[in-house]
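Before any comments, here is the structure.
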Amino acid sequence: IFAPIPKRNFCMHYRESDEALKNKILQAALLHVNRVGWNDKALALACQDLGYSTAANRIVSTGAIELVNYVTDLWLHRLEEDFKNLPLEEMSLKERLKRGVQIRLSYQIPYLNTWHQAIALGSNPKNFTEIADKLMKVSDTIWYISGDNSFNLNWYGKRLALLGVYTSTELYMLTDKSVDYKESWNFLDRRIDDMMEARSYVNNVSLYTNTFQGAIKSLLTIFPSVTSEGPNSVSYTHLRAHETGRNLVCRLLLEKKKL
């Protein structure tokens, strides 16, 4: 007669490195964020899926923001590979930049119904610096692979300009109901046109900084109004974006859910 095999627990996996274990939990949690949101519940469900005690999610020391950081880093590496594999030599600079932003934003599409929660976590002042740095790396990667090797003030101007385009398009996508997000990609195309027409990146650094800050202000406005309790939370945030001339105007409409 054999004794039943006990359920695996966190202590039984002490040989597994903390980083490897954390990454397994974070990867498994991505399967649950659409249903329960970007929160500790998704991490606990991931531990259950992997056969660990729910106490194992303590290794994700800073909570759900680590899930956002994890997927952002994951998508950056994926962007590098996918973007390099395009026939870039056959594309204009505008086409390269647009395609780079489009590729990166397309990774978020499977998670769009709860992505506002991920944005809210990143917009929390205590998390914002790290998230902003990761977004700047996205912009830098797209410019670098597109062939830009500038080292002067143009470097900052170009990255901030594209970052403003990226963040505004990301916000636009949150409520885009068009087929295959056609309206978002059209919006992106117009924003790239505006950026390319400016050209003088050094002289327009302040303009690009203001554009980025405007998008970030919208994100910071989202933060206190979005809970991390999943799709059944009491309130939610609608984002409506419309264009006035060359300016993107984002209006955040906070509404009560109908019971």
Exercise. Right, Val71: open to solvent by less than 60 Å² (accessible area, probe 1.4 Å), under 11 Å from the mean Cα position of the chain (by Cα) and β-branched (Val, Ile, Thr) or not?
Worked result: yes
For this session: Of all residues in region 32-56, count the ones that are farther than 23 Å from Asn113 by Cβ, open to solvent by 20 Å² or more (accessible area, probe 1.4 Å) and of a type outside the set (A, V, I, L, M).
Result: 2
Seminar exercise, completed: Listed by first then second residue, the pairs whose first member lies in region 60-74 and is at positive phi, whose partner is among the polar types (S, T, N, Q) and in a helix (DSSP H, G or I), with beta carbons under 9 Å and at least 6 positions apart or on separate chains, are Gly63/Asn57
Problem set entry | Hits in region 167-178 - residues which are under 15 Å from His116 (Cα atoms) and of a type outside the set (Val, Ile, Thr) | Ser168, Glu170, Leu171, Tyr172, Met173, Leu174, Asp176
Exercise. Residues of region 107-145 being free of Cβ contacts under 8 Å to residues at least 24 places away in the same chain and within 21 Å of Arg190 (Cα to Cα), which ones?
Worked result: Asp140
For this session: Hey, could you check region 57-72 for residues that are assigned to a helix (DSSP H, G or I) and out of contact with any Asp or Glu (no Cβ under 9 Å at 6 or more places or on another chain) and say which is farthest from His116 (Cα to Cα)?
Result: Arg58
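Residue by residue, here is whether (1) closer than 30 Å to Gly100 by Cβ; (2) of a type in the set (A, V, I, L, M, F, W, C); (3) over 17 Å from the mean Cα position of the chain (by Cα); (4) assigned to a helix (DSSP H, G or I) holds:
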position	(1), (2), (3), (4)
Glu19	yes, no, yes, yes
Lys24	yes, no, yes, yes
Lys41	no, no, yes, yes
Leu45	no, yes, yes, yes
Leu79	yes, yes, no, yes
Exercise. Looking only at helices (runs of 4 or more DSSP H) that fall completely inside region 104-203, which ones have 2 or more residues that are over 24 Å from Val71 (Cα atoms) and open to solvent by 50 Å² or more (accessible area, probe 1.4 Å)?
Worked result: 153-173, 182-198
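The values are calculated or read from the model by the stated rules, or taken from the named source; none is laboratory data. This structure is a prediction, so every number in the text was calculated from the model and none was measured. So basically every Cβ, Gly included, is an ideal-geometry build from the backbone, and we count neighbours across all protein chains shown. Accessible surface is based on the protein model in full, side chains and every heavy atom, while ligands, DNA and RNA are left aside. Shrake-Rupley method; radii C 1.70, N 1.55, O 1.52, S 1.80 Å.
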